[in-house]
Amino acid sequence: MEQKSLYEKLVYTVDLRIPGFENTVPAGRVKQLNFTDRPVVEWFEEFVNKIIGAIGRGHFPVFRVCDGEFYFCVGYRLEYIPPGVNQLKWYLGNAYKYIKWQRYNTFWSGSVGYGFENYRGAEWSALRKEFVDYLREIGQEGILAMAFFKTQERFAEQYHKPMCDWLEANDILIDESNYYPFYFVYGLLNGGLRKTLLRGRRILIVTSLNQEKEKAIAEGLNRGGVQSYQFIEITRNKAMTDKINLDSVKGPIDIVLIGAGVGAANIIHQLRPLQTLCIDAGYCLDLIAEPWRAGTRDYTKPDDE
């Protein structure tokens, strides 16, 4: 009997009703591919327990894999046309991106104000090889929070099968032990559980910084009742090539929150000596600094707000 592929194993589509976000994210809005049809509440509780239980008990990485990471791994793929969108307008808007990727072998992701990553040609090819090692390591030791979800806009759906094939081809483990929804990280860090996670903890933040951003994050952490916080600055657009220095970090550290785009995989690998929980937080860091952004994306505004 022929063994099923990873994509074929993800046969269930579950409504992602994350506790605390049932009203702000309507039923049916986001549906996650899964190996089983287990209740989402049970799945999320398991995720949260794993995260909190990992603090201070060895290196435990949590890495979010979404459209930017998909593109980084398998190249740019044209988006599926969302319902109700003019086809000609859609093609004109997306053809340039595809032609640029094909002709110049260029990866670019993010926005200029919030971390615009850009790698080209031989550099991108070399970094993809390193990325394989990082994801394989994370899959073996922690959690890969995958954006294998379906929405009305069909966001990033064109990457689901190519990415599953890429993961298998590179022997990167994805199974029920390490596979969780991308939005579970949002559910943990953007709702009431954030204080449960951070209150009284010693926090390290690794992201691109300026004085204003550092101050805003610090104020947000103080509002959350953390015990202490420290910062490590990285580049805004080249985090996959950054080398960080942990000598200045005053340990022990309970939780590391990282905002580094695709490069968070490289940063997580270098954080191993801290032997604790490392979460690729991304946009959740922006929400800690700028609470007014709540509601700008799914699972960023909890029901009690």
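If only one of 234, 205, 172 is of a type outside the set (Gly, Ala, Ser), under 30 Å from residue 7 (Cβ atoms) and at pLDDT 95 or above, which one is it?
Just one listed residue meets the conditions, 172.
Considering only residues that are free of Cβ contacts under 8 Å to residues at least 12 places away in the same chain and in a loop (DSSP other than H, G, I, E, B), look in region 1-31 and name the one that is surrounded by the most Cβ atoms within 10 Å (Cβ to Cβ).
The selected residue is 26.
Residue 36: touching a Lys or Arg at 6+ places or on another chain (Cβ under 7 Å) and either at pLDDT below 95 or among the polar types (S, T, N, Q) (or both), yes or no? Full working, then the answer.
Working: touching a Lys or Arg at 6+ places or on another chain (Cβ under 7 Å): no; either at pLDDT below 95 or among the polar types (S, T, N, Q) (or both): yes.
It is false that residue 36 is touching a Lys or Arg at 6+ places or on another chain (Cβ under 7 Å) and either at pLDDT below 95 or among the polar types (S, T, N, Q) (or both).
Need the failing condition index for residue 263 against (1) surrounded by fewer than 21 Cβ atoms within 10 Å (Cβ to Cβ); (2) within 30 Å of residue 128 (Cα to Cα); (3) touching a helix residue (DSSP H, G or I) at 6+ places or on another chain (Cβ under 7 Å); (4) not hydrophobic (A, V, I, L, M, F, W, C), just the number.
The one condition residue 263 does not meet is (1).
State whether one or more residues within region 100-112 are more than 19 Å from residue 63 (Cα to Cα), touching a Lys or Arg at 6+ places or on another chain (Cβ under 6 Å) and not polar (S, T, N, Q).
So far as region 100-112 goes, no, none of its residues is more than 19 Å from residue 63 (Cα to Cα), touching a Lys or Arg at 6+ places or on another chain (Cβ under 6 Å) and not polar (S, T, N, Q).
Please enumerate the residues belonging to region 83-138 that are surrounded by 13 or more Cβ atoms within 10 Å (Cβ to Cβ), modelled with pLDDT of 80 or more, in a helix (DSSP H, G or I) and of a type in the set (D, E, K, R).
Matches in region 83-138: 123, 128, 130, 133, 136, 137.
Against the condition more than 18 Å from residue 196 (Cα to Cα) and in a loop (DSSP other than H, G, I, E, B), how does residue 78 come out, does it pass?
Yes, satisfied.
Could you list, in sequence order, all residues of region 177-207 that are among the charged types (D, E, K, R) and more than 18 Å from the chain's Cα centre (by Cα)?
195, 199, 201, 202
Restricting attention to region 60-75, which residues are in a loop (DSSP other than H, G, I, E, B) and surrounded by 20 or more Cβ atoms within 10 Å (Cβ to Cβ)?
Passing the criteria: only 66.
Being of a type in the set (S, T, N, Q) and over 27 Å from residue 272 (Cβ atoms) is the filter; apply it to region 32-59 and report the residue that is surrounded by the fewest Cβ atoms within 10 Å (Cβ to Cβ). Outline the logic, then answer.
Step one: list which residues in region 32-59 are of a type in the set (S, T, N, Q), which gives 32, 34, 36, 49.
With over 27 Å from residue 272 (Cβ atoms) added as a condition, the list becomes 32, 34, 36.
Numbers: 32: 23, 34: 21, 36: 12.
Across region 32-59, the extreme among qualifying residues is 36.
With respect to residue 68, is the statement that it is under 30 Å from residue 119 (Cβ atoms) and within 18 Å of the chain's Cα centre (by Cα) true? Explain how you work it out, then say what you get.
Numbers: under 30 Å from residue 119 (Cβ atoms): yes; within 18 Å of the chain's Cα centre (by Cα): yes.
Answer is yes for this residue.
Could you identify the single residue in 201, 236 that is buried (at least 18 other Cβ atoms within 10 Å of the Cβ), of a type in the set (D, E, K, R) and under 27 Å from residue 46 (Cα atoms)? Talk me through it step by step, then tell me what you get.
Working: 236 fails: under 27 Å from residue 46 (Cα atoms).
None of the others qualify; the one that does is 201.
The values are calculated or read from the model by the stated rules, or taken from the named source; none is laboratory data. Note that the structure is predicted; figures quoted are calculated from it, not measured. Note: ideal-geometry Cβ built from the backbone for every residue, glycine included; neighbour counts use all protein chains shown.
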